[in-house]
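Read the structure below first, then the notes.
The values are calculated or read from the model by the stated rules, or taken from the named source; none is laboratory data. Bear in mind that the values here come from a model prediction, so they are computed numbers and not experimental data. Every residue, glycine among them, receives a Cβ derived from its backbone with ideal geometry; neighbour counts consider all protein chains shown. For the accessible areas, the whole protein counts, side chains as well, though only heavy atoms, and no ligand, DNA or RNA atoms are used. Shrake-Rupley method; radii C 1.70, N 1.55, O 1.52, S 1.80 Å.
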Amino acid sequence: MDHIAVEKKWKQIWLDTNEDKFDPEKVDNKYYVLEMFSYPSGSNLHLGHWFNYAPADTFARYKKMCGKEVFQPMGFDAFGLPAENYAIKTGIHPQDSTLKNIATMERQLKDIGAMFNWDSEVITCLPDYYKWTQWIFLQLYKHGLAYRKESPVNWCTSCNTVIANEQVVDGKCERCGGEVTHKNMMQWCLKITDYAEELIDGLDKLDWPEKTKTMQKNWIGKSLGGEVSFPLPDSDKKITVFTTRADTLMGVSYVVLAPEHPWVKELTTPEYAQAVKKYCDEAAKATEIDRLSTVKEKTGQFTGSYCIHPISGKKIPIWIADYCLAGYGTGAVMGVPSHDDRDFAFATKYGLPIQRVIKSADGSPDDLPYTAYGVICNSGEFDGLTTADGKKKILAFLNEKGLGCERVNYRLRDWSVSRQRYWGAPIPIIHCPHCGTVPVPEKDLPVKLPYNVNFTPDGKSPLGKCKEFLETTCPICGEKATRDPDTLDTFVCSSWYFLRYPDNKNSEKPFDTEWIDKMLPVDKYIGGAEHTCMHLLYSRFVTKALRDMGYIHFDEPFTSLIHQGLILGSDGEKMSKSKGNVVNPDDYISKYGSDVFRLYIMFGFSFTDGGPWNDDGLKAIDKFLDRVERLADTTLSKRNDCAHGNYGDAERELDYALNYCIKNVNNDIENFSFNTAVARIMELVNAAYKYESGNPDYKFLYKVICELIKIMAPFVPHFAEELHQRAGFATSVFQESFPVCDESKLVKSQVEIAIQINSKIRGKTLIPTGLSNDEIIELVKNTPSVKTLLGDNIIKKTIVIPGRLINFII
RNA sequence: GCCGAAGUGGUGGAAUUGGCAGACGCGCCGGACUCAAAAUCCGGUGGUAGCGAUAUCGUGUCGGUUCGAGUCCGACCUUCGGCACCA
């Protein structure tokens, strides 16, 4: 078969007959299959996309043949730094390069032969999409979920922009790999932490990989503890720390502030001013990864000031140290060297006192630093309490004095969304000298991104240098005002795209509530595991926020999730241009066609594992399809003149093979185990050849072939459609139902079981099915060969596993 | 350092609740067809010993549980992924 020509033919016919389109009338039976959309990069569609989209499409087509009204949309996550960095390098405008890349990738995506519902396409960089991204930002703002905050943020020196904590990978900028340092900036933040509790609880109900759920849970990082305040002498102020070990409070020998803590300056005595400033300057240069490195020795600097221990009233020295983070807890911690490894090292280095306040409960070794739970000692009235009791009692005691309370703390930080970049959705806020922060009225959306802008990075937002954009009038007072010069993090765009797909033409609203309630949640979401702590978390947050505003009425965006594995270069390394190990799928498509390539991708790799690329088996898949075609053509041509009509052993055997295949393929596709599904199909084809080499009834074989074509259709859609037509059908194979296993054909009268003696295999035997265990023992024991094996030995015990083995212990 | 996953022939990868390890392929070997090659078809293919039936070893390493372990438990090694002074 000329795959290329056949594929072209069927793509056109499907287009003409609307074969791939979703029918809104059948929404009650909808099945929403969603693959993570692509970033339109300059390297276009690569193997990773194929590895995500081709198997996912097989799943989608299978679901369609199972009777579901499948909605499988596709789009582009089109804002982002690479286009802007590329523009800075080449002078090609981000919009131009992005739209060009999209056009190329759309063509390549169509090559996959996937049943994408192109009518629902979404492109995040177009005004009719980002209008609603801005709208969502405004709703979050109006509901108190967006706020501005001067805070230490990650500053990528290469992109000249702020990036979210969650986007920092190995101390580098996730997008560009540049160095990340810290800088204080006025930032728009989204209050994802308001949803921390529900984001954890909701995971239990989701059909997601356990690993992914665990990772999100750890990322959110709930910890139960308490706040403890250390009053400052001669002042109303007090330093508040968060601790999970309030039971060790009497062992505090110092308190540490983060270098960015707002009180550092005023707490530093003149004597230490110079040293403290130097220390803070150094800390600001270091990346968070450096600061938090376990390899690095802990450093700190005394401020010269003291605070008061809330119970003992003793003077406690106040230090600053970069291992204390401004963004976590209260930005201050108490140092208990006796019962914390890090504090112990710090105290030893700087000669601070080390006082035991916990001993082991059962007399087991408790050398300092002793970090396990135990019993309180050297703590006055609290002596003898267990760690668990002590935490509660001490916090309760402090609470009465107004110096402490129980508190839940989360590791998760609010989502910083301001970017000092050009290629993103403008933040729809106006800053008025009289009225302050004013949201752009919804009727004025979208706030359009201007085309002619100087976006060379120089530390300022490109939009801030564009007068026509920046200068405006205040919607409230009408006076001169300026627009917010920043753009939104692209993760904001992608945090709701799945809500736009089903209603992408809606110009009145981002989506119609009633309609979207019917279409969502996504039934199967397929994409990379690398998005676990960012996109997948943000999407859940936005969904919950919109629900609380009443715009949608479901709790979670993605009911079921699966991650595809990573396809590496043939050298086993991650594919990248710099390593020169990138494989271009187009070369394979033009040689073999997409059906062969799809099938190979699914057969040669484990979907969830991925692995290094090699094309050794590609030719074999091409041959396999030829083999199927030959058999099909022979059968089709002979089906009427070679029918003996007897249903004998040979027919029974092939029927068994067919139904065995059907049963397993159904199961395997549901489990995204495509490689074994293809193996079962190959077995059926082998069985059919074997049958054909005997005295075949071609009429019977024709029926089998027709079933085979349907089984193969989700994997090799064009190929199957072509054979389906040759088999005499006028309508698409995708109008057919996916074959269902006839269990009666799988019933066998005899089954082979293994004979074990003392758990070692000694032989095999055929026994009738349906016998009781005792009957099996009697039967097997008395067969001559087994009698010989057993000899005169006494059988102590016999174990029967029905259908599998019998084990004599002698 | 913490968390998670993985480690199976020459190779990609299979193995329901613990139950015949290596499905299905690739590669290789042999055969058929052919003047020959290609294509196609058939057979073989974990190691070791043996002409052979067969025996024996074998799922990263070492132990354990069990009639029976790739699978469960403990310790360790290696690789990958994620997180990282979380107070």
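A few points about this structure:
- Pair list, Cβ < 6 Å and 6+ apart or interchain, from the range A:333-348 residues that are of a type in the set (D, E) to residues that are more than 10 Å from RNA strand B (Cβ to nearest atom) and at pLDDT below 90: A:D341/A:P369; A:D343/A:P337
- Residue satisfying all of: in the range A:341-350; surrounded by fewer than 19 Cβ atoms within 10 Å (Cβ to Cβ) and within 10 Å of RNA strand B (Cβ to nearest atom); modelled with the highest pLDDT among these: A:A345
- Given (1) open to solvent by less than 10 Å² (accessible area, probe 1.4 Å); (2) near RNA strand B (Cβ under 10 Å from one of its atoms), index of the condition A:V255 fails: (2)
- Residue among A:G67, A:G91 that is over 30 Å from A:P714 (Cα atoms) and over 27 Å from the mean Cα position of the chain (by Cα): A:G91
- Residues in the range A:609-621 include none that are in contact (Cβ under 8 Å) with a residue 24 or more places away in the chain, surrounded by fewer than 17 Cβ atoms within 10 Å (Cβ to Cβ), near RNA strand B (Cβ under 7 Å from one of its atoms) and aliphatic (A, V, I, L, M).
- Number of the condition not met by A:P353 [criteria: (1) open to solvent by 10 Å² or more (accessible area, probe 1.4 Å); (2) on the phi > 0 side of the Ramachandran plot]: (2)
- Hey, A:P502 touching a Pro at 6+ places or on another chain (Cβ under 6 Å) and under 27 Å from A:G550 (Cβ atoms) or not: no
- Condition met for A:G42 (not basic (K, R) and not in a loop (DSSP other than H, G, I, E, B)): no
So that you can scan it fast, the table gives a plain yes or no per residue for (1) at pLDDT 90 or above; (2) in a loop (DSSP other than H, G, I, E, B); (3) under 22 Å from A:Y147 (Cα atoms):
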site: A:L412; (1), (2), (3): no, yes, yes
site: A:R421; (1), (2), (3): no, yes, yes
site: A:H431; (1), (2), (3): yes, no, yes
site: A:P446; (1), (2), (3): yes, yes, yes
site: A:K460; (1), (2), (3): no, yes, yes
site: A:A481; (1), (2), (3): yes, no, yes
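- Residue match in the range A:641-652 (condition: at negative phi and either under 36 Å from the mean Cα position of the chain (by Cα) or near RNA strand B (Cβ under 10 Å from one of its atoms) (or both)): no
- The range A:523-551, residues that are over 20 Å from A:E197 (Cα atoms) and buried (at least 21 other Cβ atoms within 10 Å of the Cβ): A:K524, A:Y525, A:I526
- Selection from the range A:356-384 of residues that are open to solvent by less than 50 Å² (accessible area, probe 1.4 Å) and of a type in the set (A, V, I, L, M): A:V357, A:I358, A:A372, A:V375, A:I376
- Hits in the range A:738-751 - residues which are within 12 Å of RNA strand B (Cβ to nearest atom) and surrounded by 12 or more Cβ atoms within 10 Å (Cβ to Cβ): A:L746, A:K748, A:V751
- Selection count where residues are within 16 Å of RNA strand B (Cβ to nearest atom) and in a helix (DSSP H, G or I), scope the range A:200-217: 10
- Taking the criterion of being closer than 30 Å to A:P462 by Cβ and in a helix (DSSP H, G or I), the residues of the range A:50-92 that qualify are A:L81, A:P82, A:A83, A:E84, A:N85, A:Y86, A:A87, A:I88, A:K89, A:T90.
- Filter result for A:S338 (within 30 Å of A:S494 (Cβ to Cβ), within 16 Å of RNA strand B (Cβ to nearest atom) and of a type outside the set (F, W, Y)): no
- Residue list for the range A:199-228, restricted to those being open to solvent by 10 Å² or more (accessible area, probe 1.4 Å), of a type in the set (G, A, S) and within 17 Å of A:A246 (Cα to Cα): A:S223, A:G225
- Against the numbered list (1) surrounded by fewer than 24 Cβ atoms within 10 Å (Cβ to Cβ); (2) in contact (Cβ under 8 Å) with a residue 24 or more places away in the chain, A:G436 comes up short only at (2).
- Selection within the range A:632-660 - hydroxyl-bearing (S, T, Y), under 22 Å from A:E722 (Cα atoms) and open to solvent by 20 Å² or more (accessible area, probe 1.4 Å): A:T634, A:S637
- Out of A:F605, A:F674, sole residue that is open to solvent by 10 Å² or more (accessible area, probe 1.4 Å), hydrophobic (A, V, I, L, M, F, W, C) and within 14 Å of RNA strand B (Cβ to nearest atom): A:F605
- Any chance A:K663 is of a type outside the set (V, I, T) and open to solvent by 50 Å² or more (accessible area, probe 1.4 Å): yes
- Residue within the range A:185-199 that is near RNA strand B (Cβ under 10 Å from one of its atoms) and of a type in the set (K, R) present: no
- Matching residues, the range A:272-283, being under 19 Å from A:S235 (Cβ atoms) and touching a residue at least 24 places away in the same chain (Cβ under 8 Å): A:Y272, A:V276
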